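The values are calculated or read from the model by the stated rules, or taken from the named source; none is laboratory data. Source: prediction; values computed, not measured. Here Cβ is always computed from backbone atoms with ideal geometry, including for glycine, and neighbour counts include all displayed protein chains.
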Amino acid sequence: MLEIDLGGKWVVRQSGEKLGKAITATVPGDVFHDLLKAGAICDPFYRDNETSLKWVWEANWSYSREFTIAASLLRKQKVLLRCEGLDTLAVVKLNGKKIAETNNQFRTWEFDVKKFLRPGINSLVVDFSSAYNDVVKKQAEHPLPGWYGGMCCAQFGWLRKSACNFGWDWGVKAVTCGIWRDIKLVAFDEGRLDHVLIQQDHRSKGSVQLALTAAVEALPDRGLRVRAEVSLAGKAVATAMGAVIAPKSRTSVATAQLALKVINPQLWWPNNMGSQPLYSVTVTLLNAAGEVLDRQVKRIGLRTLGLDRHKDQWGESFQFMVNGVPFFAKGGNWIPVDGIMGRRTPQDYRRLVKDCVDANMNMLRVWGGGIYEDDTFFDVCDELGLCVWQDFMFACSTYPVFEKGFFDNVRAEGVDNVRRIRHHACLALWCGNNELECGLVGEKWTDKCMSLEDYNRLFNEAIAQVVKAEDPQRDYWPGSPHTPDVALTDWKTPRSRSGDAHLWEVWHGKKPFEWYRTCEHRFNSEFGFQSFPEPRTVRGYTAPEDRNVTSFVMEHHQRSGIGNATIMQYMLDWFRLPGDFDKLLWTSQILQGMAIKYAVEHWRRSMPRGMGTLYWQINDNWPVASWSSIDFHGNWKALHYMAKNFFANTLISGLENKDAKTIEVHLTHDGGKAVTGRYSWVATDVLGKLLAKGGKVVKSGVNSNKRIDIIKLDRIVARYGERNLLVWLEFKPDHGGETQRNLVHFARPKHLELAREPGIRNSVVKTGEKSFRVTLSTRHPSLWSWLEMRGVALRCSHNFIHLRPGCEYVVTVTTDKAMSQGKFEKRLTVNSLVDTYRD
Ligand code: BMA
């Protein structure tokens with residue numbers, strides 16, 4: 001098969017009565033990115049520039065290029081134009097002739113173009129009409145209920161386009177268009193491979209049986225064969241050959257069925273459970289003479305991975321199992337990596353996925369208001385062991401199931417994406433939608449919801465059937481959240497007996513963090529708390545006069561209606577009012593980290609009743625105040641550093657009882673082998689004076705939580721007072737591994753009279769061009785101590801650390817620029833909670 005890439009340099013112009021000025025465009029890409037690169041628009045992420053760019057969404061845009069082909073190409077039996085992503089309402093013209101019209105960003109389109117092509121120069125034009133205008137018009141004619149119509153610039157349910165491209169409660173509005181994935185000519189004789197399904201059978205000991213189905217487009221189907229070779233690290237471990245069998249009916253395709261046996265399989269495991277060996281499966285299509293016609297390579301991991309739902313004393317379990325082992329899912333929700341869609345790079349995916357692995361996560365949920373991510377995302381998740389919960393792209397809206405063509409369109413979208421993604425080792429679950437079952441479904445269509453009948457047709461029939469047919473070994477879950485034991489239209493009944501839950505009573509419901517400890521849901525696929533990005537990031541989108549959280553620009557970079565006020569409300573519940581703007585930004589991050597730590601530690605202690613927590617949200621698509629743990633520029637917020645601790649395989653945590661003045665100490669361990677080690681606790685006053693201590697050798701459970709102690713502190717509290725007490729927990733595993741630490745206090749941090757000058761010392765050793773080892777110690781307790789360097793991006797092994805006098809804390813730090821030891825020492829600041837009080 002011959003492929004001619006038509007990506008690269010194109011031209012884009014505004015279209016209408018007459019064409020606008022020609023601007024150089026890049027394909028794949030999008031119009032916002034092209035205009036930005038050409039200097040034709042201002043940066044939408046700076047201050048409130050975004051509001052001046054509405055004309056871009058309202059305009060129509062025309063992409064064009066010329067390309068040359070040889071006469072020999074036209075001698076091929078079939079020549080197709082393959083478009084792997086057109087965003088969204090496009091008319092495709094080849095040499096002046098309209099060849100197609102498209103209406104789904106998520107589909108792969110192929111058009112037979114042989115008769116439109118000519119040897120030599122050809123011209124290709126893709127005209128995009130405004131998606132924004134289209135949905136506004138449709139919505140005016142027939143309003144579709146949805147939640148975010150007000151917050152987004154339009155109710156997006158009408159169009160199969162990334163929902164958050166219209167804005168979101170964390171997202172920039174940049175309704176774009178463009179050729180956002182590869183576009184190419186595909187030419188072949190005799191036949192080509194269409195798609196390949198690889199199913200795994202792990203039932204026999206010592207081997208894995210692969211059943212490979214290669215679907216072939218055969219022209220005509222005489223004597224074609226398919227060869228498959230499985231290899232590990234370049235060494236073949238299994239091969240097979242099979243004939244292509246003609247289709248049984250006109251609607252089916254020719255297929256070859258092959259069986260391969262991998263002896264002594266190296267199993268794939270999620271992060272922190274084992275390694276991630278990946279096998280290559282090379283599938284080759286041969287003609288009768290043995291000539292290669294086409295080839296596809298799929299990288300797979302040998303594993304079983306899916307949901308385990310069984311009846312238990314609490315209702316029905318909701319846990320993921322890999323290779324027969326149940327595991328606690330730890331991670332977060334993923335949104336598109338850049339609000340300027342065409343700017344995203346493979347490096348963005350690699351960096352962010354690695355950040356998640358470094359924070360001890362093992363699962364990401366690709367949320368249904370974004371996109372079916374690029375192949376690179378799934379490749380990196382395979383390599384690093386991050387399981388993927390994959391939503392279909394439906395979120396927070398109703399959908400026009402009644403519209404002619406809608407079903408065929410979404411079914412085709414489903415087939416395209418399931419076929420593209422299904423072989424990935426990381427793929428754990430397909431899920432129909434985000435949050436439609438939270439009030440958007442009722443008995444019949446109203447101005448608030450869609451009918452149960454239409455909902456079922458879409459998510460329990462059409463999409464469920466796509467998964468069943470195209471990825472029969474993967475589980476399908478109709479929506480997140482979904483509770484099988486509660487009627488779908490009744491979203492008010494507590495949903496803690498079965499299924500997954502989105503818990504928003506903290507934040508949207510303004511409940512205190514302690515509320516999390518009353519939740520015993522089976523799996524928490526969303527819950528979150530916002531923070532501001534760090535000062536460097538905020539400086540990037542503000543002018544000096546904007547630097548107050550109530551300024552217009554700071555409120556513009558906050559999309560949750562209750563946003564900044566809610567951060568402040570909770571902040572004053574826990575912390576003192578910070579002394580200046582920068583300190584307030586940092587304090588918001590500590591607050592956010594605390595909220596999520598509160599929730600996750602509780603849920604990990606509740607295992608196996610609850611078996612997963614995915615917080616909202618990992619990343620940002622522009623610089624903004626949001627629920628993310630990594631800001632748009634890739635800086636880890638305090639939450640991400642805290643996640644590294646509260647997601648560690650072995651977690652020591654304390655549950656304080658303010659009435660009884662006790663602390664229950666728990667050792668939670670995700671691991672197939674128990675660990676033994678020394679557990680110790682130390683009670684100090686706020687200045688660091690030792691008040692009491694204890695400890696013992698303990699052994700963890702296996703994949704479970706264990707209460708290892710109850711510390712009684714009534715006498716100490718009576719003598720020193722709650723506000724003068726800190727309890728430091730530690731678990732030191734016997735056979736290496738990192739010492740786990742935690743801190744418990746009865747009083748709110750704002751009421752602790754911490755030393756104003758804690759006396760933090762640091763000693764620095766330069767270990768590489770951009771890397772340093774910093775050893776921290778302190779004279780008095782210094783809480784949430786963080787390393788910071790003005791104007792420099794730091795990545796630390798740990799940050800926001802509680803320092804106890806008499807202990808040393810080693811932090812490895814990398815900087816974004818090379819630096820001498822002297823300069824590093826001079827510029828490094830280590831602040832802690834008390835510094836947030838200062839002006
Ligand atoms: C959840 C998500 C998103 C939203 C978040 C915060 O419901 O599914 O729709 O961004 O809440 O409000």
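Which of the residues that make up the stretch 312-338 are free of Cβ contacts under 8 Å to residues at least 12 places away in the same chain and within 16 Å of the ligand (Cβ to nearest atom)? The answer is none; no residue qualifies.
Every condition in (1) more than 16 Å from the ligand (Cβ to nearest atom); (2) touching a helix residue (DSSP H, G or I) at 6+ places or on another chain (Cβ under 6 Å) holds for PRO512 except the one numbered (2). In summary, SER72 fulfils each of the numbered conditions (1) under 30 Å from ALA218 (Cα atoms); (2) assigned to a loop (DSSP other than H, G, I, E, B) with the single exception of condition (2). Looking across the stretch 291-311, the residues that are touching a residue at least 60 places away in the same chain (Cβ under 8 Å) and out of contact with any His (no Cβ under 7 Å at 6 or more places or on another chain) come down to LEU293, ASP294, ARG295, GLN296, ARG299, GLY301, LEU302, ARG303, LEU305, GLY306, LEU307, ARG309. Considering LYS766, LYS712, LYS732, LYS750, the condition of being over 25 Å from MET594 (Cα atoms), among the basic types (Lys, Arg) and touching a residue at least 12 places away in the same chain (Cβ under 8 Å) is satisfied by LYS766 alone.
Does the stretch 345-360 include one or more residues that are charged (D, E, K, R), more than 16 Å from the ligand (Cβ to nearest atom) and crowded, with 23+ Cβ neighbours inside 10 Å? Explain how you work it out, then say what you get.
Here is the first cut: in the stretch 345-360, the residues charged (D, E, K, R) are 348, 350-351, 354-355, 358.
Then keep just the ones that are more than 16 Å from the ligand (Cβ to nearest atom); that gives 348, 350-351, 354-355, 358.
Checking which are crowded, with 23+ Cβ neighbours inside 10 Å leaves us with none.
No, there is no match, as no residue in the stretch 345-360 is charged (D, E, K, R), more than 16 Å from the ligand (Cβ to nearest atom) and crowded, with 23+ Cβ neighbours inside 10 Å.
Could you list all residues from the stretch 356-387 that are closer than 28 Å to LYS161 by Cβ and in a helix (DSSP H, G or I)?
Residues satisfying the conditions are CYS356, ASP375, THR376, PHE377, PHE378, ASP379, VAL380, CYS381, ASP382.
Taking (1) in a loop (DSSP other than H, G, I, E, B); (2) within 16 Å of the ligand (Cβ to nearest atom) in turn, LEU144 satisfies each apart from (2).
Quick one: in the stretch 581-619, which of the residues that are of a type in the set (S, T, N, Q) and crowded, with 24+ Cβ neighbours inside 10 Å is farthest from SER317 (Cα to Cα)?
Keep residues of the stretch 581-619 that are of a type in the set (S, T, N, Q), which gives 587-589, 592, 606, 613, 617, 619.
Cutting the leftovers down to crowded, with 24+ Cβ neighbours inside 10 Å gives us 587-589, 592, 613, 619.
Details: THR587: 37, SER588: 35, GLN589: 33, GLN592: 29, THR613: 14, ASN619: 29 Å.
Per the stated criteria, the residue is THR587.
In the stretch 168-184, the residues that are more than 19 Å from GLY368 (Cα to Cα) and hydroxyl-bearing (Ser, Thr, Tyr) form no Cβ pair under 6 Å with any partner that is part of a strand (DSSP E or B) and away from the ligand (no atom under 16 Å from the Cβ), whether six or more places apart or across chains.
From the list LEU752, LEU743, LEU787, LEU783, the one residue that fits, being over 17 Å from LEU690 (Cα atoms) and in contact with a strand residue (DSSP E or B) (Cβ under 9 Å, 6 or more places away or on another chain), is LEU787.
Only one residue in SER451, SER531, SER498 is modelled with pLDDT of 95 or more, of a type in the set (Ser, Thr, Tyr), within 16 Å of the ligand (Cβ to nearest atom) and on the phi < 0 side of the Ramachandran plot, so which one is that?
Values: SER451 fails: within 16 Å of the ligand (Cβ to nearest atom); SER498 fails: within 16 Å of the ligand (Cβ to nearest atom).
The match here is SER531.
If you take the residues of the stretch 174-201 that are buried (at least 24 other Cβ atoms within 10 Å of the Cβ) and modelled with pLDDT of 95 or more, which of them is farthest from the ligand (Cβ to nearest atom)? Here the residue is ILE183. Among the residues of the stretch 240-278, just one is of a type in the set (Lys, Arg) and either in contact with a helix residue (DSSP H, G or I) (Cβ under 8 Å, 6 or more places away or on another chain) or assigned to a strand (DSSP E or B) (or both), namely LYS261. Only one of ILE263, ILE300 is at pLDDT 95 or above and surrounded by fewer than 18 Cβ atoms within 10 Å (Cβ to Cβ); which? Only one candidate qualifies: ILE263. Please go through the stretch 424-448 and pick out each residue that is within 14 Å of the ligand (Cβ to nearest atom), among the aliphatic types (A, V, I, L, M) and either part of a loop (DSSP other than H, G, I, E, B) or under 14 Å from MET363 (Cβ atoms) (or both). Selection gives LEU440 alone.
On the basis of being away from the ligand (no atom under 16 Å from the Cβ), modelled with pLDDT under 95, of a type in the set (D, E, K, R) and over 30 Å from ASP408 (Cα atoms), does ASP490 make the cut? Full working, then the answer.
On the way: away from the ligand (no atom under 16 Å from the Cβ): yes; modelled with pLDDT under 95: yes; of a type in the set (D, E, K, R): yes; over 30 Å from ASP408 (Cα atoms): no.
So ASP490 fails the test.
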